[in-house]
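Inspection log for the structure reproduced underneath, given as structure tokens.
Please treat every number below as a calculation from the coordinates, not as lab data. Here the structure is a predicted model, which is why all the values come from computation and not from measurement. As a convention, Cβ positions derive from the backbone with ideal geometry for all residues, glycine included, and neighbour counts pool all protein chains shown.
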Amino acid sequence: MKRTPMIAGNWKMFKTGPEAVQTALRLVAGCRDVTDVDIMIAPAFVALSLVAQIVKNTPVRLGAQNLYFEKQGAFTGEISADMLKAAGAAYVIIGHSERRQHFFETDEAVCKKIRAAVTANLTPILCVGETEAQRDQEKTFLTLDKQVSDGLQGFGPDEIKDLILAYEPVWAIGTGKSASVAQVKEVHQYLRSLLEKRFSPDLAQTIRILYGGSVKPENIADLMRIEDVDGALVGGASLDADTFTKIIKFDTIL
Ligand code: 13P
């Protein structure tokens, strides 16, 4: 089954609006000719509308880094799925390990957020991944099983056919230490079999599974050669437009 590769950039809490615009302009210029890879960038909330203007009618799509699951109401400081959609976002990252770790996001909240995204017609990117301690205790699969099963509790396969899964081992994020090809291969295979078991063989073949954690131009080609890797969710290396463009054009170095 051929799945279109996706290279997504998570800009985290970096770049003001004007800085995001500058990077987006450079990225768009570098990626004008890309047709075979889905490209996404997720700037901070306040930069979304600005960057939306820049990426309009280009191959670059816009994503948000989080949302709140309620439709609207007295939730000071929060952002709804409809607000993201209206700002120009097509994707939303949900359950990133930094949100789980620093903002105590539970699988239950993640599940509600995915429901809100799907309802608003935003494509969710569900992030899962084990900590170093969980890996050392051989609880990697157990952790991922719980994150996927609880995060997608109550969904039918049709509702999540566009969902994207991102495997981001916590110990590989921002450390410069990417997971090895063998580790990524093993986990992505496991995740696909989990989707098959929990949902359906069709869904397991359709869903794209991205790898995230210290992805850079030097290791993207090796990662993309792995059968069950359908792309990458890139943090640090997506902040520089030229570096990110090299990652997006991984097939020229394959
Ligand atoms: P780094 O690429 O900086 O390791 O971050 C990965 C990540 O968290 C993407 O969501």
Study note, to complete from the structure: Reported set for region 91-142 where residues are of a type in the set (A, V, I, L, M, F, W, C) and within 16 Å of the ligand (Cβ to nearest atom) is Val92, Ile93, Ile94, Phe103, Val110, Ile125, Leu126, Cys127, Val128
Exercise for review: Among the residues of region 126-174, count how many are aliphatic (A, V, I, L, M) and either in contact (Cβ under 8 Å) with a residue 60 or more places away in the chain or farther than 20 Å from Thr106 by Cα (or both).
Suggested key: 6
Point to revise | Given (1) more than 14 Å from the ligand (Cβ to nearest atom); (2) assigned to a helix (DSSP H, G or I), number of the condition Gly154 does not satisfy | key: (2)
Review point. In region 13-39, what count of residues is obtained for those that are free of Cβ contacts under 8 Å to residues at least 60 places away in the same chain, over 12 Å from Ala241 (Cβ atoms) and of a type in the set (A, V, I, L, M, F, W, C)?
Key: 1
Check your understanding: over 24 Å from Ala64 (Cα atoms), touching a Lys or Arg at 6+ places or on another chain (Cβ under 8 Å) and either part of a helix (DSSP H, G or I) or among the charged types (D, E, K, R) (or both) - does that describe any residue in region 219-231?
Key -> yes
Review point. Just one of Tyr211, Tyr190 is in contact (Cβ under 8 Å) with a residue 40 or more places away in the chain, closer than 23 Å to Glu105 by Cα, outside any loop (DSSP other than H, G, I, E, B) and hydroxyl-bearing (Ser, Thr, Tyr); which is it?
Key: Tyr211
Check your understanding: Has region 62-82 got at least one residue that is assigned to a strand (DSSP E or B), of a type in the set (Lys, Arg) and in contact with a strand residue (DSSP E or B) (Cβ under 7 Å, 6 or more places away or on another chain)?
Key -> no
Review point. Which condition does Leu163 not pass, out of (1) farther than 23 Å from Ala90 by Cβ; (2) away from the ligand (no atom under 15 Å from the Cβ); (3) crowded, with 18+ Cβ neighbours inside 10 Å, if it passes all the others?
Key: (1)
